[in-house]
Amino acid sequence: MLMKKLTVKKQTEEKLRKGILVLDKNDFPTLSLNNQCVELHNQQGKFLGTAYLSLQNKGLGWLISYAKVELNLAFFQKLFEKAKDKRFYYRHAEDTTAYRLFNQEGDGFGGFTVDLYEGYVVFSWYNSFVFSIKDQIVAAFQQVFPEVAGAYEKIRFKGLDYESAHLYGAEAPAYFTVLENGVRYQVFMNDGLMTGIFLDQHEVRGSLVNGLASGKSLLNMFSYTAAFSVAAAMGGASQTTSVDLAKRSRELSQAHFEANGLDLEPHRFVVMDVFDYFKYAKRHELKYDVIVLDPPSFARNKKQTFSVAKDYHRLVAQALEILSPKGTLILSTNAANVSKSKFKKEIEKGFAGVPHRYLAEYGLPADFVYNKKDENSNYLKVFTIKVDK
């Protein structure tokens, strides 16, 4: 396969040598190419690596290898074999049947992920180039993971007229349960982009299963399907309240509780804007021992917009107003554009001098292999903080 040669500027060469693999508009400010493999060369004509270009949310392409490679069946088989070996622990864990099998550049190829849910997998395609070669990727995957019963795909880029579809093999039930840390969660494979649980948070949920909120009340804001709440309930929380603006969140959340045989009596599911609920709780003098804040990176409703980079401190400040004395906050973001230090600054701005201690810190779990040479690759940042007043 004859590839076009691209000459990169010195700053881009230095970036690649440092191990940062994502390419962006700063690397190619006037580029007109898209959806193709290229050879990258420095200004002296020296070969730097094989890359592909394809517009996506995260830049406009990826370095694939520092060597000259062919994107054939053997290439992807080798990637999947390495990825499978890295998940040895998860493949043999009896208490967890849902985890990430392949994580973009962490496993050697940016632009797609593969998640396992019991016997089914979900491929997520992040740009049109990987989508164009998906048949080869899927064929290689089937060679390495013959035990997978069936697969689905999620389209996470613009341009197609669908976002979710069955890909191959057996079709999954509309709803079924998976295990994580011994807790059951109801998931769905082919209903929009979501599946019912965010797998990258399983270590944080594990801390709740292990009793972080035992005997305590927990408030879960931006709760989606209340996975944190279920984990807390299974870990002995006396009561939970899950708040999310999406109307469907209530039924999806209750399904997790019912899957574990939990009595719904001490657990509330509130469909409301989070900032409105803060006002409601303050007005009714409600207090919570543990509060989880895991907002989307950016959100907009009729009243206001919210950005983790600029507004997270507001969440912290309002959570402190309804937190029980010596309570605990679990503060989380998956915003790749917000560094750990920037996130901490937002948190400290929210505390505004209130005494507190950092008890635990979480990034991506081991199955979400990331590029250790690129801080943005480890996008998840979670802090468990004890308030000392």
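The values are calculated or read from the model by the stated rules, or taken from the named source; none is laboratory data. On a predicted model such as this, the values are computed, not experimentally measured, just so you know. All Cβ positions, glycine included, derive from the backbone under ideal geometry; neighbour counts span all protein chains shown. For the accessible areas, the whole protein counts, side chains as well, though only heavy atoms, and no ligand, DNA or RNA atoms are used. Shrake-Rupley method; radii C 1.70, N 1.55, O 1.52, S 1.80 Å.
Laid out as a table, the results:
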item: Residue satisfying all of: in segment 254-299; over 20 Å from Glu180 (Cα atoms), aliphatic (A, V, I, L, M) and in a strand (DSSP E or B); most open to solvent (accessible area, probe 1.4 Å) among these; result: Val271
item: Qualifying positions in segment 22-59 - closer than 20 Å to Ile155 by Cα, open to solvent by 20 Å² or more (accessible area, probe 1.4 Å) and not aliphatic (A, V, I, L, M); result: Asn34, Asn35, Gln36, Gln56, Asn57, Lys58, Gly59
item: Hits in segment 111-148 (condition: hydroxyl-bearing (Ser, Thr, Tyr) and over 14 Å from Leu71 (Cβ atoms)); result: Thr113, Tyr117, Tyr120, Ser124, Tyr126, Ser128
item: Members of segment 106-129 that are of a type in the set (A, V, I, L, M, F, W, C) and open to solvent by 10 Å² or more (accessible area, probe 1.4 Å); result: Leu116, Phe129
item: Residue check, Val292 in contact (Cβ under 8 Å) with a residue 60 or more places away in the chain and of a type outside the set (D, E, K, R); result: yes
item: Cβ pairs under 6 Å, 6+ apart, first in segment 149-166 and under 19 Å from Lys58 (Cα atoms), second open to solvent by 70 Å² or more (accessible area, probe 1.4 Å); result: Ile155/Glu163
item: Flag for Phe198 being under 24 Å from Asp24 (Cβ atoms) and of a type in the set (Phe, Trp, Tyr); result: no
item: Residue count for segment 53-77, restricted to those that are outside any strand (DSSP E or B), aromatic (Phe, Trp, Tyr) and within 15 Å of Phe112 (Cβ to Cβ); result: 2
item: Residue selected from segment 222-242 under the condition under 20 Å from the mean Cα position of the chain (by Cα) and surrounded by fewer than 24 Cβ atoms within 10 Å (Cβ to Cβ), by the criterion nearest to Ile385 (Cα to Cα); result: Phe222
item: Residue that is modelled with the lowest pLDDT [pool: residues in segment 327-346 that are part of a loop (DSSP other than H, G, I, E, B) and either among the small types (Gly, Ala, Ser) or within 25 Å of Leu218 (Cα to Cα) (or both)]; result: Ala336
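Here is a yes/no grid of residues against (1) at pLDDT 95 or above; (2) out of contact with any Gly (no Cβ under 9 Å at 6 or more places or on another chain); (3) surrounded by fewer than 16 Cβ atoms within 10 Å (Cβ to Cβ):
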residue	(1), (2), (3)
Lys349	yes, yes, yes
Leu359	yes, yes, yes
Leu364	yes, no, no
Lys372	yes, no, yes
Leu380	yes, no, no
Ile385	yes, yes, no
